[in-house]
Amino acid sequence: MSASGDAGLELRRLGREVGGRRLLDGLDLTVAPGECLALLGPSGCGKSTTLRLVAGLDPASTGQVLLDGGDLTPLSPGERQVAMVFQSYALYPHLSVEGNLELGLKVRGVAAAERQRRLGAVLELLQLAELRQRRPAQLSGGQRQRVALARALLRQPRIMLLDEPMSNLDAQLREELRPELRRLVCGREQPVIYVTHDQQEAVGMADRIALLDGGRMQQVGSPRELYADPANRFVAAFLGRPAINLLAVAPGRQLGLRPEHLHLAEEGPVEARLLRREWWGHQQLLWLDSPWGPVRVLCGPEQPLPAEPRLGWQRQHELWFDPLSGARLHGQGPV
Amino acid sequence: MRLLVLLWSLGPLLWQLRTSLLRPEALLAPLLEGNPWTLANYRLVLSGDPPFWRYLGNSTLVALATTVLTLLLAVPCAYGLQQQRGLLRWGVGLGLVAAAMVPTVLLFLALLEIARRFDLANDLFALSLPYAGLSLPLAVLLLRAAFGDLPAELEDAARLEGLGLGQRLRHVLLPLMGPALASTGILVFLASWNEYAIALTWISRNDLLTLPIAIARIGGGSVFTIPYGAFAAATVMGSLPLLLLVLLAQRPIVSGLTRGAVKG
């Protein structure tokens, strides 16, 4: 999905090794101008490492970071024109909101009039004008996040990096802020990388998702591609809640069926016994026992249960994996 | 209970103050008898030649020079050390602890030789060199810990904004280390203020003596009369600048403690 020519951000065989431990292993990735890519994965998967390598905060052991065809790898963080919003926001506690925003401009020698103009614009955009004299300690979590974002935007960056920018906010605020964040950050001309461990956030923020595990890229694609056509068992299990059922149906083959693709009926290929029922309002989750192991089924809240339920599904929803390597096996399996 | 602790800490100081205000003969008299108060001890100390203020000035000068020099050297050392990882940082840290524990007594003969060789005797600024050297290990250790307490992302953010090392120290790191700098500075100042052995051997000119030496030289009429009152008066006056220093530094330290609670 590389954009026309060399435009955008390209990571080429990017790797980092510390003390013999491989944190990131030959990552290839492109982000088009204006595109928002979510870097998703469990903690320790290498997503923050990737971000730090793009920012230049840590040196790469192998590979290159290219922006619009130019090599950023030898440049210092300050020279890369990269902005980053940190998980902790990293606001300077001793400076006011204004001071936090101005420091970078001052140091780079931007003239006072120009500084005021840009500061005014960004304060306006993020509705921070009234808070400009406050210290970070006097701000709420959401306000701090806005200041951190303002500081990043003020940089007029060529690349925008966001490192779990919402993980310090409570769930409700997070959901409220997501569209605002998207509006402010995405759809400008610079590529955006958004690091998160939360798949909902990734789906909500990003055009494409890159899923990492153990320092390796597992799959890149739209949320729909990753959900419907996972490259391997890790991808299948990481995306989708409640998680996919992995059933040992035959030696050497493992069947993945998502809870929302299973249904219960009088007739069906596999028998099941109901253990527990979780009622969520718009749906209910059924915990069942089957000859292939425990199974979760997601169905409508009012769906009646047969006395002797049997599991059924459509063959198009079957995902087959190698039980040892977790690799995706294409073609249909025996049932 | 609080009163008891307060008395425990302040008792000796108050006793010193009382001694400094008593006539010599009243020292041995029962408590609260007659009207023994006098300022004679202070008059005696202040009328010396050179006047007592001179020694106060000397000590202040040496202590200030020592503190400034120590902090100037310790800040970059501490920052550099904090940037290191693993064995190197641990090893250097251990070496600094060892250096901080070497007793001065073992050094002062060697230091005397150095002073003679490089003509450093009878020079107050030169005296701050060994003082700074002796204070440096502890100062580096304290400041390294303070650098370590700052969130690493703060400096990362500053690096991304294009701040060079000097700018990061000046605009971001050091302003946040006010409390650590103040307390380290006070420790260094105190060590220099109280130092005896090196000052005794490096300074011989009467008008350049530092306080501890000057106080020790206050003599009585004979070896059998010890001028307790004069000692006490000199000690009280010698402590006043320290009191002032701590009172001044108290505010940044306390306000810094509460500011440290801020996350991000």
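The values are calculated or read from the model by the stated rules, or taken from the named source; none is laboratory data. Note that this is a predicted model, so its numbers are computed, not measured. Glycine gets a Cβ as well: all are built from the backbone with ideal geometry, and neighbour counts include every protein chain shown. Please note that ligands, DNA and RNA were not included when accessible areas were found on the heavy atoms of the full protein model with its side chains. Shrake-Rupley method; radii C 1.70, N 1.55, O 1.52, S 1.80 Å.
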- prompt: So B:Asn122 fits all but one of (1) at negative phi; (2) part of a loop (DSSP other than H, G, I, E, B); what number is the exception?
  reply: (1)
message: On the basis of being open to solvent by 40 Å² or more (accessible area, probe 1.4 Å) and at pLDDT below 95, does A:Ser140 make the cut?
response: yes
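Yes/no per residue for (1) surrounded by fewer than 18 Cβ atoms within 10 Å (Cβ to Cβ); (2) within 14 Å of another protein chain (Cβ to nearest Cβ); (3) not hydroxyl-bearing (Ser, Thr, Tyr):
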position: B:Leu81; (1), (2), (3): no, no, yes
position: B:Phe118; (1), (2), (3): yes, no, yes
position: B:Phe125; (1), (2), (3): yes, no, yes
position: B:Asp149; (1), (2), (3): yes, yes, yes
position: B:Leu173; (1), (2), (3): no, yes, yes
message: The conditions are (1) surrounded by fewer than 17 Cβ atoms within 10 Å (Cβ to Cβ); (2) under 29 Å from A:Ala206 (Cβ atoms); (3) within 14 Å of another protein chain (Cβ to nearest Cβ), and A:Gln127 fails exactly one of them. Which is it?
response: (3)
- prompt: Out of (1) open to solvent by 50 Å² or more (accessible area, probe 1.4 Å); (2) free of Cβ contacts under 8 Å to residues at least 40 places away in the same chain; (3) in the same structural domain as A:Val54 (by TED's automatic domain parsing), what's the single condition that is false for A:Ser222?
  reply: (1)
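Within region B:142-152, can one find any residue that is closer than 28 Å to B:Leu211 by Cα and modelled with pLDDT of 90 or more?
As a first pass, look at region B:142-152 and keep what is closer than 28 Å to B:Leu211 by Cα: B:142.
With modelled with pLDDT of 90 or more added as a condition, the list becomes B:142.
Checking region B:142-152: at least one residue is closer than 28 Å to B:Leu211 by Cα and modelled with pLDDT of 90 or more.
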message: Please count how many residues of region A:89-108 are open to solvent by 30 Å² or more (accessible area, probe 1.4 Å) and at the interface with chain B (Cβ under 10 Å from one of its Cβ atoms).
response: 4
- request: Read through the list (1) at positive phi; (2) crowded, with 16+ Cβ neighbours inside 10 Å, then give the number of the only condition that A:Arg182 fails.
  value: (1)
- prompt: Taking the condition in a helix (DSSP H, G or I), of a type in the set (D, E, K, R), more than 26 Å from the chain's Cα centre (by Cα) and over 14 Å from B:Leu134 (Cβ atoms), does B:Arg43 pass?
  reply: yes
message: Return the pair list, or none, for Cβ contacts closer than 8 Å from residues in region A:290-316 that are without any contact (Cβ under 8 Å) to a residue 24 or more places away in the chain and under 18 Å from A:Leu275 (Cβ atoms) to residues that are surrounded by 12 or more Cβ atoms within 10 Å (Cβ to Cβ) and of a type in the set (D, E, K, R), at least 6 apart or on different chains.
response: A:Pro291/A:Glu271
message: Given the criteria more than 10 Å from every other protein chain (Cβ to nearest Cβ), out of contact with any Cys (no Cβ under 6 Å at 6 or more places or on another chain) and surrounded by fewer than 22 Cβ atoms within 10 Å (Cβ to Cβ), does B:Gly178 qualify?
response: no
Strands (runs of 3 or more DSSP E) completely within region A:152-215 that count 3 or more residues being over 25 Å from A:Ala7 (Cβ atoms), within 14 Å of chain B (Cβ to nearest Cβ) and not basic (Lys, Arg): none
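Just to check your reading of the model, which residue among B:Gly264, B:Gly238, B:Gly221 is more than 23 Å from B:Ser59 (Cβ to Cβ), open to solvent by less than 30 Å² (accessible area, probe 1.4 Å) and at pLDDT below 90?
B:Gly264
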task: For residues that are surrounded by 11 or more Cβ atoms within 10 Å (Cβ to Cβ), assigned to a helix (DSSP H, G or I) and among the basic types (Lys, Arg), tally how many sit in region B:1-24.
output: 1
field: Residue selected from region A:163-176 under the condition within 23 Å of A:Ser43 (Cα to Cα) and without any contact (Cβ under 8 Å) to a residue 40 or more places away in the chain, by the criterion most open to solvent (accessible area, probe 1.4 Å)
entry: A:Gln172
